[in-house]
Structure formats: C-alpha cells, structure tokens
1. What ranking of 237, 34 emerges when the number of other C-beta atoms within 10 Å of each C-beta is taken as an exposure proxy, fewest first?
2. Considering only DSSP beta bridges with both partners in the chain, what is the antiparallel share in %, to the nearest 5?
3. Ratio to report: Rg/Rh of segment 8-49, with Cα atoms as the point set and Rh obtained by the Kirkwood method; give two decimals.
4. Using alpha-carbon pairs under 8 Å, 6+ residues apart, how would you state the relative contact order of segment 134-203 in percent?
5. What is the helix-to-structure angle for 51-61, meaning the angle in degrees between its Cα long axis and the longest Cα principal axis of the chain, kept from 0 to 90 and rounded to the nearest 10?
6. Which label belongs to the value computed from this structure, given these candidates for P(r) over Cα pairs in 20 Å bins from 0, in percent: (1) 28, 42, 26, 4; (2) 33, 58, 10; (3) 30, 49, 22, 0?
7. What ranking of 206, 264 emerges when the number of other C-beta atoms within 10 Å of each C-beta is taken as an exposure proxy, fewest first?
8. Could you pull out which residues in segment 156-176 have an amide N less than 19 Å from a spot 7 Å beyond the Cα of residue 297, following the Cα-Cβ vector?
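Read-outs: derived from the displayed coordinates by stated rules, not from any lab. Computed from a predicted structure; not experimentally measured. Quick reminder, even Gly has a Cβ in these numbers, built from the backbone with ideal geometry, and neighbours come from all protein chains shown.
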C-alpha cells in the first residue's frame with residue numbers, strides 16, 4: 001500500500017513508519033522537517049497547523065494514498081484539516097486518540113468505547129474528544145478508524161507511567177540507586193499499557209478491514225495491572241527490587257487536578273476490537289518492559 005503518515009519522526013509515528021516499510025509498504029511522511037526520519041520514507045515538509053501549506057505539500061507529491069495514518073491529531077482544528085485537506089488524496093484514515101477522553105469520575109472497570117460523560121475541562125483529553133467528534137460528524141463517505149490507547153511503551157519512549165514518576169529519562173538510574181518510587185495511593189490504580197509495535201500493527205491491520213470503518217476502538221496490551229506492578233516488574237528485570245513510597249491519596253487530587261486522568265483505573269475491554277476481527281495485541285507487559293529497558297540501556301552505552 002501507499003501510506004501517508006502525519007508525523008513520522010516521533011515515538012509512535014517513527015516506529016509505525018519503520019514497520020510499514022519493513023512490511024513492503026511505500027511511506028510518505030508529513031513533518032515540519034525538524035527531526036530525522038526513518039530511512040526509506042518520502043519526506044513532505046509542512047506544518048499541519050497551516051492548511052494551505054499542507055495542501056501544497058500533498059499536491060506537490062503528485063500521487064494519492066491508500067491510507068493516511070495520523071498519530072498527532074490533537075485538536076478539532078487538526079481533524080478539520082485532515083477532512084478538508086487530506087481526504088481528497090486518501091481512501092482511508094486511521095487516527096490515534098487517547099484514553100484521556102474519558103472522565104475519570106465516570107469510568108467503568110473495564111471501560112468500553114461508550115461513555116455517558118467525557119472530559120470537558122478544556123485540556124488534552126477534552127480536545128481529543130472534540131477531535132473525535134469532528135470525525136464522527138463527517139460525511140459517511142469518509143472512512144476513518146480511531147484508536148484510544150492509554151500508556152504506550154517501548155523503544156522511543158521514556159519509562160514511567162504514573163505520578164510522580166511518569167516518562168522520566170533517568171528512571172532506571174534512580175531505581176538502580178535505590179531511590180524509592182513515590183506512587184500516589186501506593187500505585188493501586190490499574191493501568192493497561194500497550195507495546196509500541198502492537199499499537200503500530202493494529203493501525204496497519206485495520207486499514208483493509210471493513211468492520212473497522214467509522215469505528216472507535218479502545219486498545220491496550222494483554223495485561224492490565226496496578227501501577228505498582230509496572231514498577232515492580234522493572235525492578236525484577238534489572239535485578240534491583242523497587243522501593244515504593246506511598247503518597248496518601250486523600251487530598252492529593254485537590255492539590256494536583258492535572259493528574260485526574262491518571263488517578264483512576266485505566267483498564268479497557270478489547271471486545272469490540274476482537275469482534276471486528278482486528279488482531280489483538282500480544283506483547284506481554286513484562287516482555288514489553290524488557291525490550292524497552294534493553295533499548296534504554298543501549299542509549300546509555302552510546303553516551
């Protein structure tokens with residue numbers, strides 16, 4: 001297939017581009033040209049915030065694409081640009097949203113794709129939900145698929161999933177030095193991580209699947225675990241038991257409302273994905289963490 005990636009130099013988009021190339025697809029990327037791209041892609045330079053610039057870049061490629069995969073669609077404006085500028089050039093669209101669209105105060109365990117209450121605070125999750133709504137209101141001829149991942153891990157990402165130790169460049173060093181991991185409520189809330197390769201593969205798998213058209217899917221890996229288990233597994237893998245310091249939950253959210261989307265259970269049913277015939281992610285959390293840590297240690301060796 002001929003694939004157009006909005007992004008291509010980021011953590012997920014870069015791996016998506018690599019995997020698509022490895023599977024024999026032709027790949028074009030739209031980026032601002034700031035960061036290096038995977039070898040073998042056709043680079044288009046444009047700022048997605050500028051519709052005229054986007055249109056000029058796509059027209060200049062002098063081709064069309066079987067699908068567009070957008071890993072950085074964050075706002076209703078981004079969705080509108082995709083619909084107005086990109087759709088004339090593509091047959092299918094695959095969009096990455098987030099589990100942060102759900103209101104943390106009205107979630108089920110596990111949560112499915114439907115919610116009576118979504119985030120409406122003007123923040124990241126709220127903007128993502130408004131982005132989704134733009135696609136939902138689009139003409140029925142526009143064939144999109146939206147995925148809602150939670151925590152994506154693997155090469156390309158920093159490690160850590162929970163306040164106050166989320167996405168920390170030096171997390172392994174701190175654990176190896178014996179520094180305790182400060183976890184709110186002792187890390188009691190569930191998290192449902194997905195390995196980056198599994199996320200990318202699901203996006204590729206849904207393109208030719210009619211049952212995925214104009215549908216939203218929750219997505220996560222095989223394991224939903226308490227946050228403290230995520231850190232305990234890291235300690236087991238590096239043979240350095242993790243010390244966990246319990247930060248009392250009471251009063252914490254009032255002081256740190258920005259963490260509301262993390263201080264709740266983030267576990268999702270993949271029944272809709274399975275029913276649609278999209279192969280479910282298979283990489284266990286332990287295996288994903290091993291591969292993630294191996295990559296992080298290789299970075300340390302290079303420095």
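1. Details: 237 16, 34 7.
Going from least to most buried by this count: 34, 237.
2. Roughly 15 percent of the beta bridges in the chain run antiparallel, per DSSP.
3. When Rh is taken as the Kirkwood radius, the ratio is 0.95.
4. Working: 55 pairs, mean separation 25.6, N = 70.
Relative CO of segment 134-203 lands at 37 percent.
5. Rounded to the nearest ten degrees, it is 70.
6. So the calculated entry is the one marked (2).
7. Numbers: 206 25, 264 19.
Taking fewest neighbouring Cβ atoms as first place, the list is 264, 206.
8. Those under the cut-off are 156-160, 168-176.
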